[in-house]
1. Could you list, in their original order, any pairs among Lys80/Lys125; Lys72/Lys95; Lys52/Lys125 whose Cα atoms are separated by more than 27 Å?
2. Output wanted: per-residue J couplings in Hz (rounded whole) for region 89-100, from phi through Karplus 6.51 cos²θ - 1.76 cosθ + 1.60, θ = phi - 60°, x for Gly and Pro.
3. Please give the contour-minus-distance gain from Lys122 to Ser104: 0.36 nm per residue of separation, less the Cα-Cα distance, rounded to one decimal in nm.
4. Please work out the C-alpha center-to-center distance from region 101-115 to region 33-67 and express it in whole Å.
5. Give me a comma-separated list of calculated 3J(HN,Hα) values for region 81-87, in order, Karplus coefficients 6.51, -1.76, 1.60 applied at θ = phi - 60°, integers in Hz, x for any Gly or Pro.
6. Placing one identical point scatterer on every Cα of region 36-123 and ignoring solvent, what is log10 I(q)/I(0) from the Debye formula at q = 0.15, 0.16, 0.19, 0.26 Å⁻¹?
7. 5 Å is the cut-off here: which amide hydrogens, built 1.01 Å from N in the peptide plane, fall below it relative to Ala131, excluding neighbours closer than 5 in sequence?
8. Give me a comma-separated list of calculated 3J(HN,Hα) values for region 69-79, in order, Karplus coefficients 6.51, -1.76, 1.60 applied at θ = phi - 60°, integers in Hz, x for any Gly or Pro.
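Throughout, read-outs are computed from the coordinates displayed, never taken from laboratory work. Just so we're clear, the structure is a prediction, and the values are computed from it rather than from any experiment. Using ideal geometry, Cβ is built from the backbone for each residue, glycine included, and neighbour counts are taken over all protein chains shown.
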Amino acid sequence: IISGYARILSTLIAAQVRREEEKDEKEVSPVSGVNRTLLASFLDNVLNNCRKERGVAFYSSLANLTPKYFAKQIRKLSGKSPGAIIGEYTMAEAKTLLSSKKYSVKEVSNLLHFSSPSSFCKYFKAAEGMAPGQYMKLNS
């Protein structure tokens, strides 16, 4: 009788463990095919538009989502806010343009559609810790 109860108990425990593991997998891995498509689409859109657009609202509208929901989904999928991702792409583009030596700081500011060279310099310095001119000198 005791061995029968032990078998039943072990079967119930194993079933409970499997249910808990399945539950954990669903909670830990929220990346479905649709979510992967959303993230891939966002990253592609940022790559193609970061010279002109740096606002989350622009990218959320391309995905037909509200900015708040869009930001929540991107953060859940990537671990970063959409604004941080956009900033990284923008800075990579700015560094590439500045390192090419083809453009002045003013021209890079215009290419990246900043309202003025001053606002570009503030943006760059906040992200990189140095002025764009200093960055150009260090990378010459």
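1. Numbers: Lys80/Lys125 21 Å; Lys72/Lys95 29 Å; Lys52/Lys125 19 Å.
Violating the 27 Å limit, Cα to Cα: Lys72/Lys95.
2. Rounded to whole hertz, the list is 5, 4, 5, 4, 5, 4, 5, 4, 5, 5, 5, 5.
3. Numbers: separation 18, 0.36 × 18 = 6.48 nm, distance 1.58 nm.
Result: 4.9 nm gained on full extension.
4. 24 Å
5. 6, x, x, 5, 5, 4, x
6. -0.57, -0.63, -0.82, -1.23
7. Answer set, sorted by chain and number: none.
8. Rounded to whole hertz, the list is 5, 4, 4, 4, 5, 5, 5, 5, 7, 10, x.
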